[in-house]
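The values are calculated or read from the model by the stated rules, or taken from the named source; none is laboratory data. Given the structure is predicted, the values throughout are model-derived calculations rather than measurements. Positions of Cβ are generated from backbone atoms using ideal geometry, with glycine treated the same way; all protein chains shown enter the neighbour counts. For the accessible areas, the whole protein counts, side chains as well, though only heavy atoms, and no ligand, DNA or RNA atoms are used. Shrake-Rupley method; radii C 1.70, N 1.55, O 1.52, S 1.80 Å.
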Amino acid sequence: MIKILLSLALVGSVLTAAPDPAYQVLVFSKTAEFRHDAIPAGVQAIRELGAANNFTVTATEDAQALTNLGAYKAVVFLNTTGDVLNDAQQAAFQSYVDSGGGYVGVHAAADTEYGWPYYEKLVGAYFRSHPHIQQATVRNEDRSHAATAHLGQAWTRTDEWYNYRAGPRAQVKVLQSLNEGSYTGGDMGDHPITWCHPQGQGRSFYTGLGHTVESYADQNFRRLLLGGIRYAAGMAKADCRPETGYTTLYDGSTSGWSQAGPGAFANADATLTSQGGMGLLWYQAREFGAYSLKLDWKLTGDSNSGVFLGFPPSGDPNSAVANGYEVQIDATDSPDRTTGSIYGFKAADQAARDAALNPPGEWNTYELLVEGERLQVLLNGVKINDFTNTSPQRSLRQGHIGIQNHGAADQVSFRNIRIKELGGSGVTVEGESYTSTGGVQIANHPPASGGRTLGYVDNGDWSGFSQVSTAGATRFSARVSSGGAGGTIHVRAGSQSGTVLGSVNVPNTGGWENFQNVSTALTGTASGPLFLTFTGGGGALLDVDTLTLETGRQGAPVSDKVHIFYYPWYDASPWRHWQQGGQNPPDSIGADLYPALGPYDSGDFTGAVAQHMKWIKQSGAGVVVTSWWGRGSYEDGLSRGVMDAAAKEGLKVAWHLEPYAGRTAASTVEDIRYINQQYGTHAAFDNAFYVFESLRITDWSALAQVNQDNVVLAQTTDTSKIAHFGGLYTYDAIAGATAPGWQQAADYARRHGLVWAPSVGPGYIDDRAVPGNTTPTLTRDNGATYDKEWTNALNTRPTWVSITSFNEWHEGSVIEPAVPRAGYQSFEGAYGRTGAAAQTAYLDRTRHWVTQFQAQS
């Protein structure tokens, strides 16, 4: 945007990228097992990096030095191996890092301190194996970090390539990964090799590179080491929070993007660099609602740019200025127009901004978190602005995103633009997409989204949208125009004469092609499709361009410690499972409750399955444990679709290995290998495997082949029956009410470093699915049973909690929304709720217990 003249002294003080202040680094290279002959070369390389970059290096193999680290900004574990620290040294080092110190692990640092659980969390993953030294291709996933910014998208080099016991992606920010197709001996699928993460108040950086002596003479590797040290020491800022579930908008391809106005962006090396201006490169492929947008950017000197959000489609960059919001990128300007500000509206927290900001010439990362009309700005992982829109002429609820090329004198570069839609925020549709109507017609207006609107609206007209459900609706917003008298939009549920959920006035906007946003909160219990009715004076009242109906909570976090059993075994053509017990769907089904979605198809990924994942996210459970009945089974064929839907909501998918005919310990091992091979690289993959009815097999020694890389759980509380397993769970939704053997199992798991994942459920009844069955019924007691089972579980201080179930309808253990229907039970009265609110009562109560579990953890 337009500059405000500042004194040359101020400009100079802000833009001078001073060297890092002097600091000290300790290099620790003690070994208790294999000793790498590259250690002396590594020590020398770090000394030389320190001499050139203003830090002093002390090298030691005396572990007692780790009890007195007050003078050091970072400690480098350089090819350490084995058990090198005693208890007191461990405690001192943990306190140092968690209180703000920095850790750098190089190569065999992952082959160190196997008996210390904190260290595994600190380093990120333990070493498992490696093939012979050979050339491989390194993918540089993140090129904003000081360790990797100098590299291209791929880097071919020779080293010893570690396989790790477990993939660390869910707990760290992956900077580099290996292309396993470029060498032999890699067996992880998703294979991170360099990563970083916050640790307490401190920072951790690890790279698996650095086995060979030659590595330490490689300038690219030396720069990687330098960047890792600077990050760990707090000199270089970076967003090292774990990052999953994002969709790439730009990483070399400009497909879906369009330039508005003068100038352009040069596209080279997966980097966009501004040229001329003032223009805007905007993502025209679609609009976005609630989302987290991340992008990496770098200024050259006193340059100027910004990221625009929430604007309508237009080939004129001034439309984004007039109708959207700009998150500024600018080294010098007035407070409300510098980096992190919402340009012209709200200045950033300057102290927080300055502490998080890398200077011109270095890369920074923005996260722009949009939820409703709220916009939060995070710079390198630190929140620096929190803004809420109150202008009726602008809205963050829907719109496009874009990046600015400000002018010839302003040069900015962008990399790795990605977005995660938060889900649970409702649906946006075109106004002209109505499916029933009384009076309205489609009107052509070029400035509108798609060039058309719902128009020719007179007093008493109405329109219906069968594709938009009002269930759980909390807010209505619309992009509207009026060259007439204006009027009122009434939001109704079910029909044109249905319950009014809310109303919003539309003023004269100054013309039929002058659009602005209106919105209103919705109240009351809603069900059925959306209908709009219109009232006002004479003549044409208003046009509706797009409309949004918001539902549920937005952006609430999920817990990776809460797992929920999920059954993708239903089909509607022909019927599968719904007909169990001799039932005749859809009128009668093999369940004592009736699903809100009706008897659905588990292959309906964009409908039923997508809604399931939104509901699971609403519950707070972060891991979907999908039922799996063997290679090539019906459920196996649906696994990828389930994972795709889960990934869109930021969920993980683990595996419930069912007792198919002929299952053995050996076949289970092959199943786990197959699942890793087929799905291990998927963003939603989780390497937890629950073995249902594990007691059917007495010898599980074959699991030793896979239990180093996967968490395999036995279904039992009998700790004499879990040899070779990594943990245990219960599944039984009835037993959770009395918790037999739970505390003993929990104590045993804790002593032996195993996972304890007791299962909780809201109740049990299978009368319609298994007529004549003598299995006891466990009543829900309006939610009291579910609360009791959660209480029993948390009293044992579990590693995870597993929920039986999301949608095992035959057994009546579901928390998936159910509706009242003659002859069936329902959720009416659960936790004092009735109507539509009762349908989601168990989802919302799960959220409550997830919060309690997180507080305990």
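Points worth noting:
- Hits in segment 149-189 (condition: free of Cβ contacts under 8 Å to residues at least 60 places away in the same chain, open to solvent by 20 Å² or more (accessible area, probe 1.4 Å) and of a type in the set (Gly, Ala, Ser)): Ala154, Gly181, Ser182, Gly185, Gly186
- Of residues in segment 255-271 being within 18 Å of Arg143 (Cα to Cα) and touching a residue at least 12 places away in the same chain (Cβ under 8 Å), the one surrounded by the fewest Cβ atoms within 10 Å (Cβ to Cβ): Asp269
- Of residues in segment 553-612 being among the basic types (Lys, Arg) and under 27 Å from the mean Cα position of the chain (by Cα), the one least open to solvent (accessible area, probe 1.4 Å): Lys561
- Inter-residue pairs, beta-carbon under 6 Å, first within 14 Å of Pro21 (Cα to Cα) and in segment 229-245, second part of a loop (DSSP other than H, G, I, E, B) and open to solvent by 40 Å² or more (accessible area, probe 1.4 Å), 6+ apart: Ala233/Lys73
- Qualifying residues in segment 516-542 (those that are at pLDDT below 90, part of a strand (DSSP E or B) and touching a strand residue (DSSP E or B) at 6+ places or on another chain (Cβ under 6 Å)) - the one surrounded by the fewest Cβ atoms within 10 Å (Cβ to Cβ): Ala521
- Test: Ala59 is in a helix (DSSP H, G or I) and either surrounded by 14 or more Cβ atoms within 10 Å (Cβ to Cβ) or over 36 Å from the mean Cα position of the chain (by Cα) (or both): no
- Annotation note: of Ser292, Ser255, the sole residue that is under 28 Å from the mean Cα position of the chain (by Cα) and in a loop (DSSP other than H, G, I, E, B) is Ser255.
- Counting the residues of segment 171-218 that are of a type in the set (Val, Ile, Thr), part of a strand (DSSP E or B) and touching a His at 6+ places or on another chain (Cβ under 8 Å) gives 1.
- Sole residue being in a loop (DSSP other than H, G, I, E, B), of a type outside the set (Lys, Arg) and either surrounded by 18 or more Cβ atoms within 10 Å (Cβ to Cβ) or at positive phi (or both), chosen from Gly100, Gly115, Gly105: Gly100
- Residue satisfying all of: in segment 821-839; assigned to a loop (DSSP other than H, G, I, E, B) and modelled with pLDDT of 90 or more; farthest from Thr470 (Cα to Cα) among these: Gly823
- Scanning segment 505-515 for residues being of a type outside the set (Phe, Trp, Tyr), surrounded by fewer than 20 Cβ atoms within 10 Å (Cβ to Cβ) and within 19 Å of Asn323 (Cβ to Cβ) gives a total of 6.
- Extreme residue, nearest to Phe531 (Cα to Cα), among residues of segment 451-498 that are surrounded by fewer than 16 Cβ atoms within 10 Å (Cβ to Cβ) and at pLDDT below 90: Gly494
- Taking segment 546-579 as the range and being in contact with a helix residue (DSSP H, G or I) (Cβ under 6 Å, 6 or more places away or on another chain), modelled with pLDDT of 90 or more and of a type in the set (S, T, N, Q) as the test, only Ser559 passes.
- Matching residues, segment 305-353, being outside any helix (DSSP H, G or I) and among the hydrophobic types (A, V, I, L, M, F, W, C): Val307, Phe308, Leu309, Phe311, Val327, Ile329, Ala331, Ile342, Phe345, Ala347, Ala348
- Tabulated pairs, segment 591-602, first under 13 Å from Trp575 (Cα atoms), second of a type in the set (A, V, I, L, M) and not in a loop (DSSP other than H, G, I, E, B), C-beta under 6 angstrom, 6+ apart or interchain: Tyr600/Ala608; Asp601/Ala572; Ser602/Leu638
- Residue check for Ser802: within 25 Å of Gln611 (Cβ to Cβ), buried (at least 24 other Cβ atoms within 10 Å of the Cβ) and small (Gly, Ala, Ser): yes
- Matching entry among Ala654, Ala683 (being in a strand (DSSP E or B) and crowded, with 17+ Cβ neighbours inside 10 Å): Ala654
- Pairing each residue of segment 543-561 that is outside any strand (DSSP E or B) with any residue that is of a type in the set (A, V, I, L, M, F, W, C) and modelled with pLDDT under 90, provided the two are 6+ apart or on different chains, yields C-beta distances under 8 Å for Gln554/Ala290; Gln554/Leu422; Gly555/Ala290; Gly555/Leu422.
- Residues of segment 118-157 classified as in a loop (DSSP other than H, G, I, E, B) and of a type in the set (A, V, I, L, M, F, W, C), total: 6
- Every pair of residues 6+ apart whose Cβ atoms lie under 9 Å, when the first sits in segment 503-528 and is within 30 Å of Ala818 (Cβ to Cβ) while the second is crowded, with 16+ Cβ neighbours inside 10 Å and acidic (Asp, Glu): Leu522/Glu550
- In segment 738-794, the residues that are β-branched (Val, Ile, Thr) and outside any helix (DSSP H, G or I): Thr738, Val755, Val760, Ile765, Val770, Thr774, Thr775, Thr777, Thr779
- Annotation note: Cβ proximity below 9 Å between a residue of segment 39-56 that is more than 14 Å from Leu26 (Cβ to Cβ) and a residue that is in a helix (DSSP H, G or I) and of a type in the set (S, T, N, Q) (sequence gap 6+ or interchain) occurs for Ala41/Ser215; Ala45/Ser215.
- Residues that are of a type in the set (D, E, K, R) and open to solvent by 20 Å² or more (accessible area, probe 1.4 Å), drawn from segment 283-331: Arg286, Glu287, Lys298, Asp302, Asp316
- Lone qualifier among Arg223, Arg230 - being among the charged types (D, E, K, R), open to solvent by 40 Å² or more (accessible area, probe 1.4 Å) and outside any strand (DSSP E or B): Arg223
- Enumeration of residues in segment 732-759 that are under 19 Å from Ser619 (Cβ atoms) and in contact with a strand residue (DSSP E or B) (Cβ under 6 Å, 6 or more places away or on another chain): Ala733, Gly736, Ala757, Ser759
- Selection count where residues are open to solvent by 10 Å² or more (accessible area, probe 1.4 Å), assigned to a strand (DSSP E or B) and either in contact (Cβ under 8 Å) with a residue 24 or more places away in the chain or of a type in the set (A, V, I, L, M) (or both), scope segment 430-450: 5
- Any hit, segment 362-376, residues being basic (Lys, Arg), out of contact with any helix residue (DSSP H, G or I) (no Cβ under 8 Å at 6 or more places or on another chain), farther than 24 Å from Pro557 by Cβ and open to solvent by 10 Å² or more (accessible area, probe 1.4 Å): no
- Qualifying residue in segment 721-737 (condition: open to solvent by 20 Å² or more (accessible area, probe 1.4 Å), part of a helix (DSSP H, G or I) and over 25 Å from Asn792 (Cβ atoms)): no
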